[in-house]
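Notes for the one structure printed next.
The values are calculated or read from the model by the stated rules, or taken from the named source; none is laboratory data. Because the structure is predicted, anything quoted here is derived from the model rather than measured. Positions of Cβ are generated from backbone atoms using ideal geometry, with glycine treated the same way; all protein chains shown enter the neighbour counts. Quick note on the areas: whole protein, heavy atoms, side chains included, nothing else; ligands and nucleic acids left out. Shrake-Rupley method; radii C 1.70, N 1.55, O 1.52, S 1.80 Å.
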Amino acid sequence: MRKLFNVLAACVFICAFGGPAQAQSHVKVIKISVTNPSGTQRNAEDVVLSIPALKKIAPDFAPASVIVTTSNAATIAEDAATLETQELPSQVDDLDGDHKADELAFQIDLKPHQTRIVSICYGDEPTILRLRSEYPQRTDAAFNIKFDGLGWESERNAWRIYFDARNAIDLYGKRRPTLQLHLYGTPDYAYHDESPEGRDIYDVADALGIGAVGAWVDGKLVKVSEVKERKWRIISVGPVRTIVELEYDGWSVGGKSVTLHSRMTQWAGERGFTHEIFTDNSADGITFVTGLHRNPSIAPIFSAAQRAADVTSLATWGEQVVIPGVNKHTSIPDENLGLALLTTSPAKLITTDPTVNLVQIGIADHHASWYVMAAWDQEGTNRRVGYGNSKEMGDAASSYVLPPDGITTQPGFVDAVKDEAGRMVAPANVTIISQSAAPQSAPPDTLVASPKKTVQQGIDLLRAEIDATAKTWEPILSAAPAGTITYGKGPGYFTEGNNSTGEWKSQQGYYWTGSFWMAELWRMYAQTKDEKYRRWAELWGAPLLGQEMLQNHDTGFLYFYSDALGFDATHTPAQRESALRAAQRLSDMYNPATHLIASWQVNGDDTIIDTMMNLQLLFWASRETHDAKWRDIALQHALRASDWLVRADGSVIQSVHYNPGDTRQAFPMGSGAANANSARTSIPNNAAPGEKVFTHTHQGFAADTSWARGTGWALYGFTVAYSETHDAKTLDTAQRVADFVINNLPDDAIPWYDFGDEGVHFRNRDTSAAAIIASGLLRLSEVTTDKSRAQKYREQGERITQSLVDHYLTPVGANDSTPSGLLRHGSVTRPNDGALIYGQYYLLEALLWLDEHKK
């Protein structure tokens, strides 16, 4: 009865450079709104969408590949600005058995008068299956001769209808909120006996039971007993709802032979179910009834309909729970059960039957429906749940029992009936907003009209931001006492910036990102020969001198972009010595057994794709010293990373764990996992020394997707590896990654934080990944041996760069008050959204490359 019927009620960005955008979105979205029309909270409001209605909006709608998400946004504009969504378990059902989907069902929580935007996301099956969660099954159905017929259930209650002349509906009460039908059907299991799970608690006797269908003929109840043929089918079971149906052919009633279909729909978490009946002309003139078994000691609670749209309800509350055991008919003292029927169909109470409280149900267009519910005061008295550390820790969970959450009083039951009646009278309003399906849009502030910027304008904007940042932060760094700044301590360094204010967030220590600010300064010094940039770069670089051997694999980032670049520009001996010490530290972390540089410590068991970028320091050291050992280590690492971290389609794995030589079974799972307190997971394995154990992700959506920034690191890193070694495998790997990226960019060429998500779960674009990719593509266009690829890579690098400067680099549009030169919408780890210092650097690098390589 709580089924909701539909009320039917984009912006495409074309990149300014290189012709039309080559969008390759795998996911499209249809936006709908769901509104609570009442002033009361609606938890788990049932929503049903017609698949044919959705296909009118989107002819290519794929019901088998759907994810439903929502936000707390009330408007499309608010929803577009939302960074993280909530996935709602959903279910697609075929009602008529033609193997084609008819309805999409889900449940949603609504505050009083709240409107929530819901995204119906669909697309190609592999993409959706990677993104969709595994929903727990919260409803079930079964046909079992042991319990005499067809049963259906939620975690609250289980029901059965006798598949014989009785045709009555019975009730199983539940002390634990679990699915129990299959337990009841287990051979030799005594479902009438007392149990910590649940049991048969109702005495149907010779009546209709609870909400079964019958007829009223000549002042007497006629059950659906004399029938030529009974058929049953389970239409659906799943995480959201279960639907079962009975067909009665040749029901002999009132001198007629009637064909009747009886359908029960049970939603997750609900104490009741909807019972619908469907007839044909053979039932014309038959008066249909339903009802509850009459207990002489319990007065019914009856609410007559006041208006055509109101709900008629019949309810009882009292001692009507049968004692345990087979063929027992005595009620348990002081144990109460509430039963109710509710219908919006025309109805009236019939009081003349001695065994049943009957409600006459009016038929309209050969259809009628009512809602049946029950509440046992022992419900939820054994809510035993498990609790413990995360599964990754490998510890056994504790077990405890939550307080009961059932209805224990008549007033509480009456309130539940009233709440159900309110939902039936005024269901949530569902409106399909989209005129057509489209990919999830880019951030709203990137969609405003904005003139195309030139390469020089982009460089000038970044230079203005650099000057303003140095002016603000130089006094902060200069005030720090000498020798007090380390990797995790001391002021003056920054990584993340605010999208609106343009201010950089202070942090403790230089972190792994500290050198990108220095790299900006060194690039500007090389470009302008303005001594202020050299002075600033040396000021920020000074605290890093002498700390090379304390770093992890990010020593490559830290010292290539500070001391190596600095030495190339100034030939200062101290910088050369520092960079070579850092190269030695990086080589110390190389493991000949794995052919990889461990990311976090000597003899570590984890390498991340980011390390490909740190090889630049080794290549620099080899050129500087004319010693091939550095180059050889870097090449060995690149070749093994190609095998273990790049898939055949060019998508990229972030992290790989392996046996470094000691056959370890427990692995740290945090980024920067040298910390002894990091969470560890046991992975039983028989991997030989130097062999792979498993792969995973720290920052992407999932282990089998491709994190965008890591994909950029791979593209850039393998391009550099080929430039330095001319090894064919490194070129092939760089090109595979490049092709994967190009084929999976969204309309505006700025990737989502993960190529697999596409804004379904997290709406984060990552401009830092875009800038890295753009610079990598431009570099690859110089070294690839295929002229057509070279042209494609350059065009795509320019396209990404142009989109960044036009739509993400401030100012964007006439009304943008953000300080100039800020590259908005980078993502450290979703749902983080802001400027990133490495995004600033790589965009500057790409622009300087374009300035140098004018067509």
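Across all directions, the average projected area of the convex hull around the alpha carbons of the chain is 41.0 nm².
Residue order by solvent-accessible surface for His637, His853 is His853, His637, largest first, with ligands and nucleic acids left out and a 1.4 Å probe.
Subtracting the Cα-Cα distance of Asp588 and Asp334 from 0.36 nm times their residue separation leaves 83.9 nm of extension gain. Give the Debye-formula value of log10 I(q)/I(0) at each listed q (0.09, 0.11, 0.22 Å⁻¹), with one equal scatterer per alpha carbon of the range 712-855, two decimals each. With no solvent term, the Cα-only Debye profile gives -0.26, -0.39, -1.37.
How many percent of the alpha carbon pairs in the range 643-759 exceed a separation of 22 Å?
Working: 2927 of 6786 pairs.
Tail fraction, whole percent: 43.
Report the rotationally averaged projected area of the range 290-341 based on its alpha-carbon convex hull, in square nanometres. Before the final figure, lay out each step's value.
Details: hull surface 17.9 nm².
With the hull built on Cα positions only, its mean projection is 4.5 nm².
With a ≥ b ≥ c the root eigenvalues of the C-alpha gyration tensor of the range 425-501, is it rounded (a/c under 1.5), prolate (a/b larger than b/c) or oblate? In terms of gyration-tensor shape, oblate.
Checking the table Lys452/Lys854; Lys174/Lys228; Lys146/Lys256; Lys453/Lys729 against a 29 Å threshold on Cα-Cα, which pairs fail?
Values: Lys452/Lys854 17 Å; Lys174/Lys228 35 Å; Lys146/Lys256 32 Å; Lys453/Lys729 37 Å.
Check vs 29 Å cut-off fails for Lys174/Lys228; Lys146/Lys256; Lys453/Lys729.
Once the chain from Thr409 to Ser788 is taken as fully extended at 0.36 nm per residue, the excess over their C-alpha distance is 128.7 nm. Expressed in Å, the radius of gyration and Dmax of the Cα atoms of the range 111-167 are 19.0, 50. Ranked by solvent-accessible area (1.4 Å probe, protein heavy atoms only, all chains present), the residues Thr344, Thr472 order from largest to smallest as Thr472, Thr344.
Per-residue SASA remark: Glu782, around 100 Å² accessible (1.4 Å probe; ligands, DNA and RNA not included).
Note down the magnitude of the dipole of the chain about its Cα centre, charges +1 on Lys and Arg C-beta and -1 on Asp and Glu C-beta and zero elsewhere, to the nearest 20 debye.
Approximately 820 debye in magnitude.
The residues of the chain have, on average, 38 Å² of accessible surface per residue, using a 1.4 Å probe with all protein chains present.
Taking Cβ atoms as reference points and 13 Å as the exclusive limit, the residues near Arg581 contribute a net charge of -3, counting Lys and Arg as +1 and Asp and Glu as -1. Heavy-atom surface analysis with a 1.4 Å probe gives the chain a carbon and sulfur content of 51 percent of its accessible area. A viscosity of 0.692 mPa s and a temperature of 37 °C, combined with the Kirkwood radius over C-alpha pairs in the Stokes-Einstein formula, give the range 375-507 a diffusion coefficient of 139 µm²/s.
Over the residues of the range 800-855, compute the C-alpha Rg and express it relative to 2.2 N^0.38 Å.
On the way: Rg = 12.2 Å, N = 56, 2.2 N^0.38 = 10.2 Å.
Normalised Cα radius of gyration, the range 800-855: 1.20.
Potential lengthening of the chain between Thr663 and Asp816 amounts to 49.4 nm, from the contour at 0.36 nm per residue minus the alpha-carbon distance.
Using a probe of 1.4 Å, the accessible surface attributed to Lys452 totals some 110 Å² when neighbouring protein chains are kept in position. Of the residues Ile466, Pro443, Gly490, the one whose Cα sits farthest towards the positive end of the charge dipole of the range 396-492 is Ile466 (charges of +1 on Lys and Arg Cβ, -1 on Asp and Glu Cβ, taken about the Cα centre). With the Cα gyration tensor of the range 531-596 giving a ≥ b ≥ c as the square roots of its eigenvalues, does the rule (a/c under 1.5 for rounded; else a/b larger than b/c for prolate; else oblate) give rounded, prolate or oblate? Judged from the Cα gyration tensor, the range 531-596 comes out prolate (a/c at least 1.5, a/b above b/c). A Cα-only calculation for the range 161-243 places Rg and Dmax at 15.4, 46 Å. Which one of Leu822, Pro126, Gln735 is farthest out on the positive end of the charge dipole of the chain, using unit charges on Cβ (Lys, Arg +1; Asp, Glu -1) and the Cα centre as origin? Projecting each Cα onto the dipole axis, the largest value belongs to Leu822. Solvent-accessible surface (1.4 Å probe) assigned to Arg534 amounts to roughly 60 Å².
Over the range 188-309, the hull volume per residue, using the convex hull of the C-alpha atoms, is 198 Å³.
With the biggest extent put first, the Cα atoms of the range 230-294 measure 42, 29, 16 Å across the principal axes. Comparing Met524, Ile837, Gln107 along the charge dipole axis of the chain, the residue lying farthest to the positive side is Met524, per the Cβ-charge model. The three principal axes of the C-alpha atoms in the range 429-561 carry coordinate ranges of 64, 36, 27 Å, sorted with the longest axis first.
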